[in-house]
Amino acid sequence: MNVLIIEDEFRAANQLQNMLTKCAFVYNLVDVIDSVEDAVDWFQTNEMPNLIFMDIQLADGLSFEIFQKVEVEAPIIFTTAFDQYAIQAFKVNSVDYLLKPIQQEDLQKALGKFTKSSNPSTIDNAVLKQLLTSIQTQTELKTAKKRTGLLVKEGTGFVQIKITDLLYVYSEDSITFGVVAGKRYIIDETIDQLFNSFDSDQFYKINRGQIVAKNAIQKINPYFNHRVKLSILHERDQEFIVSRQKTSDFKAWLNW
């Protein structure tokens, strides 16, 4: 049983492999891929696996974009943190999914459905292209109006801070933090929810777990594997590394 994992979080990919082992699922992991671009290249040069686990949001875009460029003729179990709209679409079109954070019981049921089927469903590219367009349209509508303030936790209460005062936002142990002049606040929203509500001219999501403000960037340094490392105002402990897939776009964003 050849299995391909398309997931841009190293920890999540390892966790999935551990969970598959606990399910007593015998498989051969052919590769772990973290971007749309690399996935397209992989499908063009390798034999189709028996099963694919695919995250929806990858380092360089939505995984649905893969189907716009190559034919994927294999059953797919999506892993997703998307809203109920997307989940309902998967149900209607008979696409298996696992809602993040993945639960062992849910994974076991998805594998059971896959192994018991004599003819596991493959993906209808036309349906997924329509789904991608729908999600992109929804995102554009939701983010048309950018926020100027942000409600954050302080002690037992809440305070409002200005978006323009934010230096960066990061996620740690499933908690989102916003940093203003060296002080950090807990924010009850995900990284993706925040980024979608920010002004894209002023904020950039450099990797899966960090958003930086343009006016907070002091210096850009070369980093291995064609990446760059940022020096951020008032910050000495955090590392800010732009993912390889985003480096070119990030540099273009800075020049805008």
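Quick notes on this one:
- Subset of the range 109-130 that is buried (at least 16 other Cβ atoms within 10 Å of the Cβ) and at pLDDT 75 or above - its residue that is nearest to residue 78 (Cα to Cα): 110
- Screening 161, 220 for residues that are assigned to a strand (DSSP E or B) and in contact with a Gly (Cβ under 8 Å, 6 or more places away or on another chain) leaves exactly one candidate, 161.
- Hits in the range 14-33 - residues which are surrounded by fewer than 19 Cβ atoms within 10 Å (Cβ to Cβ) and of a type in the set (A, V, I, L, M): 19, 24, 26, 29, 30, 32
- All of 8, 38 fail the test of being crowded, with 16+ Cβ neighbours inside 10 Å and either assigned to a loop (DSSP other than H, G, I, E, B) or outside the structural domain of residue 115 (by TED's automatic domain parsing) (or both), apart from 8.
- Criterion: more than 22 Å from the chain's Cα centre (by Cα), at pLDDT 85 or above, crowded, with 16+ Cβ neighbours inside 10 Å and not assigned by TED's automatic domain parsing to the domain that holds residue 48 - qualifying residue of 191, 187, 161: 161
- Per this entry, residue 32 is counted among residues that are touching a strand residue (DSSP E or B) at 6+ places or on another chain (Cβ under 7 Å) and modelled with pLDDT of 95 or more.
- Scanning the range 216-256 for residues that are in contact with a helix residue (DSSP H, G or I) (Cβ under 8 Å, 6 or more places away or on another chain) and either loosely packed, with under 13 Cβ neighbours inside 10 Å or small (Gly, Ala, Ser) (or both) yields 225, 226, 254.
- Of residues in the range 41-65 being of a type in the set (A, V, I, L, M) and farther than 21 Å from residue 250 by Cβ, the one surrounded by the fewest Cβ atoms within 10 Å (Cβ to Cβ): 48
- When the test is whether a residue is part of a helix (DSSP H, G or I), more than 16 Å from residue 246 (Cα to Cα) and not assigned by TED's automatic domain parsing to the domain that holds residue 207, residue 16 passes it.
The values are calculated or read from the model by the stated rules, or taken from the named source; none is laboratory data. None of these values were measured; they are calculated from a predicted model. Cβ sites come from the backbone with ideal geometry, for glycine too, and all protein chains shown count toward neighbours.
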